[in-house]
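Right, one structure below, let's go through it.
Just so it is clear, none of the values below were taken in a lab; they were calculated from the coordinates. All figures in this text were calculated on a predicted structure; none of them were measured in a lab. All Cβ positions, glycine included, derive from the backbone under ideal geometry; neighbour counts span all protein chains shown.
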Amino acid sequence: MAVIYLLLCVALIIFLTARLQVHPFLALFLVAIFYGFVTGMPLAIIVQSINTGFGETLGKIGLIIIFGVIIGAFLENSGGAYALAEKVLRLVGQKRVTVAMGIIGYFVSVPVFADSGFLLVSPLSRSMAKKAGISLAGPAIALGLGLTATHTMVPPTPGPIAAAGILGADLGLVMLLGLPISALALAVGLLYATKYAAKTYIEPNPQTTEEDIHLLLKDAPGPFKSSIPVLVPIILIVAKSSAQYFNQVLGQDAYSLISFLGEPVVALCIGAFLSLILPKKLKPEMLSSQGWIGNALRDAASVILITGAGGIFGKILQNSGIADTLGESLAGVHLNIWLPFLLAAAIKTAQGSSTVALITTASIVLPMMPSLGFETELEKAMVVIAIGAGSAVVSHANDSFFWVVTQMSGMKVRTGYRLYTTGTLVVGLSAAFFLFLTYLLFT
């Protein structure tokens with residue numbers, strides 16, 4: 001019965017968030033309590049699970065999400081993200097606009113929310129498509145897929161950070177896996193955008209002129225300076241994950257220092273402080289409750305609350321003993337890394353939000369990890385990427401980003417389904433395939 005109740009709870013989460021438009025925090029919280037009641041958990045254990053699930057989860061990743069969002073806010077508002085986009089376009093070449101837009105989206109979405117990233121870069125996409133005399137469809141789809149790839153699989157984007165925190169995965173390993181696997185998946189997506197999506201003609205109709213772009217870049221920091229707040233935390237976190245293999249060579253003092261600086265909360269805090277160098281002139285109002293920081297914290301609040309509620313759901317599942325039940329049921333079904341992928345894909349497709357799919361799936365999978373044989377640090381990191389790949393599949397009308405991509409690109413809904421929805425399926429499945437190959441090689 002516990003498995004039936006779990007399936008009922010997943011259906012309830014989808015129904016509440018997708019049909020009734022209930023906030024995911026409230027939906028996850030109520031469903032977690034409901035599951036505790038129907039499975040006969042003692043009331044004291046339900047209360048204990050709520051407190052420890054919320055506290056432990058946010059204790060690990062709350063500040064990381066906040067610092068990541070602050071970095072994104074300064075990149076976006078200072079024009080730094082736009083400067084990076086312009087640099088990539090020059091390097092790749094203006095004739096390869098579709099490929100350039102995919103690469104731009106891939107990098108922009110690491111610190112900046114996918115929706116904001118598309119709104120930010122879309123004027124450049126339109127302008128370059130018009131200048132190259134090509135359809136907007138290819139660049140727009142490539143940009144959307146690039147943003148989706150890192151949004152779902154590469155920290156410090158909040159969703160993958162939250163999933164890694166819930167599962168106790170090493171963030172450095174998640175980055176080391178997420179970057180190449182999402183890049184390979186995007187390469188397949190770019191092939192799709194170039195060979196298929198680009199054949200559908202959509203008039204670019206740029207609303208931003210060359211003069212407007214010049215003005216946007218006038219006060220923006222340079223591309224190298226813009227990359228510093230993102231690259232430094234990534235380097236520090238990866239260095240910490242790598243240092244454990246060289247601790248005898250490094251010496252205890254150096255190893256301790258690298259371990260401290262590479263702690264995700266410390267690394268992202270350093271990145272947040274480095275982002276203060278991005279504005280041409282740092283003004284006190286940028287740091288106010290109504291300024292860049294205030295707006296960033298309001299954006300972070302929703303993700304933090306959803307993550308905390310996901311932690312509650314996971315802890316109640318863990319304390320209910322469902323892990324043993326599911327472990328016995330799935331022992332003979334060799335789905336390995338495909339199980340978290342398929343579960344995340346089902347939740348994403350049903351309710352629309354990749355972040356909710358990441359957090360909910362991680363919460364469900366957490367108590368099953370030992371039973372499914374995912375116990376090493378590498379295996380935990382692979383599960384996070386599998387969930388991320390699943391959370392990309394598929395974006396359609398119940399996903400706000402679907403509407404951002406289609407409406408900002410002048411696509412009809414039917415065209416959006418044919419081009420962008422299919423594209424997210426291509427990227428998600430490709431990522432799962434490359435991850436499966438990695439799983440076979442290293443486990």
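Distance between the pseudo-spin-label points of residue 412 and residue 263 (7 Å out from Cα toward the beta carbon): 5.7 nm. Starting from 0.36 nm per residue, how many nanometres of slack lie between residue 205 and residue 26 once their C-alpha separation is accounted for? Once the chain is fully extended between residue 205 and residue 26, it gains 60.3 nm.
Full extension of the chain segment joining residue 273 with residue 443 gains 57.3 nm, where the gain is 0.36 nm per residue of separation less the Cα-Cα distance.
Converting the Cα gyration tensor eigenvalues of the chain into ellipsoid dimensions via √(5λ) gives semi-axes, longest first, of 35, 26, 21 Å.
The HN-Hα couplings worked out from phi for the range 259-276 by the Karplus form 6.51 cos²θ - 1.76 cosθ + 1.60 (θ = phi - 60°) are 5, 5, 5, x, 4, x, 5, 6, 4, 6, 5, 4, x, 5, 5, 5, 5, 5 Hz, whole numbers, x standing for Gly and Pro.
Mean residue ellipticity at 222 nm, helices only, the chain: -24000 deg cm²/dmol; runs of at least 4 DSSP H residues each add -39,500 (n - 2.57), and the sum is divided by the number of residues. Using a basic spin-label model with each label point 7 Å from the Cα along Cα→Cβ, how many nm lie between residue 5 and residue 18? Reported label-point gap for residue 5 and residue 18 is 2.4 nm. Take the Cβ atoms of residue 130 and residue 228, set R0 to 41 Å, and the FRET efficiency comes out at 0.80.
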